[in-house]
Every structure is written in structure tokens, then in C-alpha cells.
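The values are calculated or read from the model by the stated rules, or taken from the named source; none is laboratory data. Computed from a predicted model, the values in this text were never measured in an experiment. Positions of Cβ are backbone-derived with ideal geometry, glycine not excepted, and every protein chain shown enters the neighbour counts. Calculation scope for accessible area: heavy atoms of the full protein, side chains included, ligands and nucleic acids excluded. Shrake-Rupley method; radii C 1.70, N 1.55, O 1.52, S 1.80 Å.
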Amino acid sequence: MAEASVSGGREAQLARTGLRSGWTTGACATAATTAAYTALLGGEFPDPVTITLPKGQRPAFALAEERLEPGRAAMAAVVKDAGDDPDVTHGALVRVTVRPLPAGSGVVFRAGPGVGTVTRPGLPLPVGEPAVNPVPRRLMREHVAEVAARFGAGGDVELEISVDNGAEIARSTWNPRLGILGGLSILGTTGVVVPYSCSAWIDSIRRGVDVARAAGRRHVAGCTGSTSEKVAVAVHGLPEDALLDMGDFAGAVLKYLRRHPVDRLTIAGGFAKLSKLAAGHLDLHSSRSQVDKGFLAGLARRGGADEELAAAVAGANTGLETVQLCAARGVPLGDLVAEAARDQALGVLRGAPVAVDVICIDRAGTVVGRAEARGPR
């Protein structure tokens, strides 16, 4: 705790909460994949199995189940530990069955029982694909390649990913509304589940502002996650102790800066979350606020959309799809959302001497909307 008092950034902020982080379904699936493919090629399951996450962490996972059919298939299962986060998938059993494929097939993903299938556009995966998100796919491919190189194999495999009781668990998520049917998504951009206790996390935001001010930082960034944090650093060159992991708690950042101002605040986050701020929500969590497609349609009209496009925006499946629809017709919906979010933020700041700019990104970290810095009203 002493270290957190003199340092800043995402890791120090997590340390200040006293909460234990966990592992995403994507990390668990990567661990199960690595163990199963190792057994398929070498005859033995590594237990625990160690993997490398995008930021270089090397966690080890114990295997809950394993099964080997020599030369034909290997299955390994890992229990998801979400740490202190109230995640509905905490304790879920993530299984991966690895089967060899003909040379040149590459890595093929299959949805097993409890993993959903994409049935609507607007998600970062094509319709018909298993709901295994891009970063977990990349991680699994990388680990398959590492195991294959160790054994002199080609790395041509089918990965069937399943989650015990996943279809039932998915009813407590947004998957059915998003058109992801049959089960859960395999998620994660860092492999790490950051725990969110409202009181602990809001306190960590306040301490993060205190640390930044004590270090003489006059420009801080409130970011919804690690991807938007990287974008804020790339755009503004901010040091680690100027970064606030605000998560879903935009209101906590703004209200504390209202009393403890800095010269400038950058708000960076996913388009869908920041569209909620643009619509006046200060808590961006999916269980407490939703993307308002009607509001987005109204913004699109202000940006020059005709009624046909506005109707398409109102009926879109996801926030990402609304941006894509508008971009194809030359309507700057991302910029309009960023500007509305900035104006909402300035309203919460109530004249405090803080200039605000906003950066909206998509899931890949591409900037899809910007609002230039504007000072107090």
C-alpha cells in the first residue's frame, strides 16, 4: 500500500482497492488450449500450465479435468477465477478440446456446448462465427504456434471451446439481446479481470487524482479500460501517474475533479460506453445504463442523416454498428457522441477550471470520434 501512495497508473490504482484481480474466459481458454495441445503432441498434460498474457504476465492455471485420446483429441478444462469481481462467469468450467487437422488448415475455432454463436452484424466477428473474441483468438493461436514449434508440428488444429452450463449463465448477460445465441462469449483484451467494488474503485479514482496532482500533473486521462488508456497515451503522451482507470465510474472522476481540479481532463473510452455519458449517464456499467439507440439516431440526424439512416441507427444491434452505418454515409456520429459526452462532462464539472476533450474508440483501439478540448461553460 505504501508503494501505491507514491506511484500512479492502473496497477497502483488496483493495488489501492485491496481487491484481488482474476482471469478472463479468454485466458482460461488459452491455458486449456496450451495444456490440451501439449498432451496431444507429447502425451502428458502440463499441470499447472503457464501462459503469457498480452502485457507479459505469466500466470499458471491448474487443470480441473483432462482427457487424452492419443492421436485423435485432447481435452483440458480450467475453472475461471474472477478474483473479487462479481462476474457471473466466476467458477465456470472452461473446456477446450484440440483435434488435429490436415496440413495447411491453420487454427479453426468451434463453439462447443455453452459457447455462443454470432447471429447478427455489428460485433467484431462475422455472423456464424463462434463468440470467441479477437484477442483470445490471437492468444490461442500464438500458444498453439509455440507448442507446435516445441514438438516440430504444423499447428493445424481445431479448437472446440465449451463452458459448462454456459447457455444458462448467458441468460444473465447481454448475449441474447446482441444476437449471440447458445451460450457465453470468450472475452478479454488483457487476460486479467479487474475487480470493481463501487466504493473501493471510486476511492481508488480519488487517490489517483491526488497522486497526479501531488506529482504536478496538470493533465489527466480518465479511461474506461486498458485499450483506451493506450490510446490516450499515444495521443497525448501522458505519463503513467496521469492515468485514471475510471472503468464505469465517469461521474466519480468528474465530481472529484470538480472539487480538486487540474487544467485538463481527457476522457477516453469505447464508443458504446461514451455514448451513455453523452446521453447523461454517469455510471456506464451495462447493468445500470444502456446504449440509447434513439438518442444516437437523433445525433445522427443532427449530423445530416436522412430518415432512412436514422431508422437504421435506431434499429442497430450494437453501438459499433451505429458508427459503421453512419461512417458509410459520411455522418460523423463518433465525433457527435464525443462532443455530447464532453458537454455532459462540463455540465457535471459546474464551472470548475478543467478543460475537457474526449476520444471514442472501437474494440480494436481505432479512434472513431474526437471532441477538442473545451473549458468551463
Solvent-accessible area, 1.4 Å probe, carbon plus sulfur percent, for segment 51-140: 53
Estimate the FRET efficiency between residue 50 and residue 88 by the formula 1/(1 + (r/R0)^6), using the beta-carbon distance for r and 35 Å for R0, to the nearest 0.05. 0.85
For segment 166-262, compute Rg over Rh where Rg is the Cα radius of gyration and Rh is the Kirkwood radius from the inverse mean 1/r over Cα pairs. 1.09
Per residue, how much accessible surface does segment 246-377 expose to a 1.4 Å probe? Answer in Å², no decimals. 40
Determine, for each peptide in 362-368, 299-305, the mean count of other beta carbons within 10 angstrom over its residues, then list the peptides with the highest first. 299-305, 362-368
Taking only the C-alpha atoms, wrap a convex hull around the chain and report its volume per residue in Å³ as a whole number. 136
Could you work out the helix-only [θ] at 222 nm for the chain, with each DSSP H run of four or more residues adding -39,500 (n - 2.57) and the total divided by the number of residues, to the nearest 500 deg cm²/dmol? -12000 deg cm²/dmol
With contacts defined as alpha carbon pairs under 8 Å and 6 or more residues apart, what's the relative contact order of segment 98-190 in percent? 44
Which whole-number percentage describes the relative contact order of the chain, with Cα contacts under 8 Å and a sequence gap of 6 or more? 15
Of the candidates 188, 104, 351, which one comes out as most mobile in a Gaussian network treatment of the chain with C-alpha springs shorter than 10 Å? 104
Convex hull over the alpha-carbon atoms of segment 95-238: what's its volume per residue in Å³? 172
Once each part is reduced to its C-alpha centroid, what is the distance from segment 49-99 to segment 261-324 in angstrom? 35
Peptide ranges 339-349, 243-253, 123-133 listed from the most packed, as the mean C-beta count within 10 angstrom indicates: 243-253, 339-349, 123-133
Residue 355's amide H: which non-local residues (gap 5+, or another chain) put their own amide H closer than 5 Å, with H modeled 1.01 Å from N in plane and none for Pro or chain starts? 264, 265
Segment 246-375 - percent of accessible surface contributed by carbon and sulfur, probe 1.4 Å: 47
